[in-house]
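The values are calculated or read from the model by the stated rules, or taken from the named source; none is laboratory data. Since we're looking at a predicted model, the values are computed, not measured. So basically every Cβ, Gly included, is an ideal-geometry build from the backbone, and we count neighbours across all protein chains shown. Please note that ligands, DNA and RNA were not included when accessible areas were found on the heavy atoms of the full protein model with its side chains. Shrake-Rupley method; radii C 1.70, N 1.55, O 1.52, S 1.80 Å.
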Amino acid sequence: MAAASKAAIPSSSAVLGSISTLNNPSLLKMSYYFTILSPTDTPLFNIAFGTSKGGGDGIARFRFPETAQYMNQFIIHSSLDILEEAQWTNGGMYLKHIDTYPPAAAYITAFLTPSGARFLLLHQPPNLPSSTSSSSGLGSSSLLGTAGSTTRASSSSIAANPTSPQTEEAVRQFMNEVYENYVKTAMSPFYKQGMEIKSPVFRTRVTAAGKKWL
Amino acid sequence: MSSTKTSRIGEETRVDKVNAELVTLTYGTIVAQLCQDYDSNYQDVNKQLDKMGYNIGMRLIEDFLAKSGVGRCANFRETADMIAKVGFKIFLNVTPTVTNWTSDNTQFSLIFEDNPLADFVELPDDGRAQDELWFSNILCGVLRGSLEMVQMQIEAHFVSDVLRGDDTTEMRVSLVRYIEDEMPPEEE
């Protein structure tokens, strides 16, 4: 996994600061991997997509080679223990960012439904050629000002910083929209609880939600 | 009876209400169970739904006439209006559009913009349900049953369904004949 060798990421905030100040928005396209797990940890649904905001093409470009996409599932599932600890910490369904897997710079955000289905979103920033070059560490407040094109930078800020409040809000919207559609899908009389969600309609709607919010 | 007056009867007839999702889920479960029982033989499922609807319709017509207080329709066009604007309005709270009349006024279509029975439904993706199952087929039976009780023999079937990916949900209703009063056989 050559991709992961770029930098042993010291702590997420330091790196995030540097990513957010990069001037080239095309480098700021996040890749997402979204999974729904049943209460018994059976995967019900998977989808991979990329940033669509700020001119993103919506195509996922993970750091793993094509042949190693199972790594996403592996990382997501490995965060289940942390999810189980986090789920009782507050009453909300949206648990925000719960886990980070530094070797792949993968951030996991979680959403729980009351019936125990788990929505997990892995986001992975793109592999940066020189990830520590322009670091000024100003944090998320620098997002709007520094990039060459203001609009593009601000709209791609979701991609720039996986733990910023903007990102968390965007993911919340995304999760809520998926949840709404998940409920509708689960209400279909031909869907059996715990069965893989094969509905093309649901997939389209998740894709649309990803396009809209991420 | 004028068309607007018919609409008013539909609006004003008060009936006990029930949660729409309860109806949707109950009906959905019935259909799903039938599909399972008939081993996904959708022709049989359609037939069974129609039969169930027929039995409902035979009883429902009495309830309908009592609640709405409407009298005899003068012609089949009026009947169609009554079905769409009073019957469906009272029982399902939708008003399908009556259209596509044949010139002899014996066939029309009901176009459903909104079908509460089919909310949330996605047909099974086994490659056949999309072509064979008429999910809301019970409605055909209901019309057949209820009209038969008021001396009209009709034939009703769906010709398109948004669940199958069609643009509209359309039911075709044709009048076969008015059932004349049949005298009981003379006693010898």
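Would you point out the residue of segment B:14-26, among those that are in contact with a Phe, Trp or Tyr (Cβ under 9 Å, 6 or more places away or on another chain) and open to solvent by less than 60 Å² (accessible area, probe 1.4 Å), that is nearest to B:Val121 (Cα to Cα)?
Restricting to residues being in contact with a Phe, Trp or Tyr (Cβ under 9 Å, 6 or more places away or on another chain) and open to solvent by less than 60 Å² (accessible area, probe 1.4 Å), the top hit is B:Thr24.
Is one or more of the residues making up segment B:48-56 free of Cβ contacts under 8 Å to residues at least 12 places away in the same chain, open to solvent by 40 Å² or more (accessible area, probe 1.4 Å) and touching a Phe, Trp or Tyr at 6+ places or on another chain (Cβ under 8 Å)?
Checked segment B:48-56: no residue is free of Cβ contacts under 8 Å to residues at least 12 places away in the same chain, open to solvent by 40 Å² or more (accessible area, probe 1.4 Å) and touching a Phe, Trp or Tyr at 6+ places or on another chain (Cβ under 8 Å).
Is there any pair with a first residue in segment B:135-153 that is under 17 Å from B:Gln107 (Cα atoms) and a second that is open to solvent by 20 Å² or more (accessible area, probe 1.4 Å) and assigned to a loop (DSSP other than H, G, I, E, B) whose Cβ atoms are under 6 Å apart and which are 6 or more apart or on different chains, and what are they?
If the second residue must be open to solvent by 20 Å² or more (accessible area, probe 1.4 Å) and assigned to a loop (DSSP other than H, G, I, E, B), the pairs left are B:Gln151/B:Ile179; B:Gln153/B:Ile179.
Report those helices (runs of 4 or more DSSP H) wholly inside segment B:1-68 carrying at least 2 residues which are away from chain A (no Cβ under 14 Å) and modelled with pLDDT under 90.
Where helices (runs of 4 or more DSSP H) fall fully within segment B:1-68 and carry at least 2 residues being away from chain A (no Cβ under 14 Å) and modelled with pLDDT under 90, they are B:3-12, B:42-68.
Of all the residues that make up segment A:165-214, how many are facing another protein chain (nearest Cβ under 10 Å), loosely packed, with under 15 Cβ neighbours inside 10 Å and either in contact with a Lys or Arg (Cβ under 6 Å, 6 or more places away or on another chain) or outside any loop (DSSP other than H, G, I, E, B) (or both)?
3
So which of B:Arg59, B:Arg177 is under 30 Å from B:Asn19 (Cβ atoms), surrounded by fewer than 20 Cβ atoms within 10 Å (Cβ to Cβ) and among the basic types (Lys, Arg)?
On inspection, the qualifying residue turns out to be B:Arg59.
Take the residues of segment B:116-136 that are within 14 Å of chain A (Cβ to nearest Cβ) and under 14 Å from the mean Cα position of the chain (by Cα): which is surrounded by the most Cβ atoms within 10 Å (Cβ to Cβ)?
Within segment B:116-136, the match that is surrounded by the most Cβ atoms within 10 Å (Cβ to Cβ) is B:Phe135.
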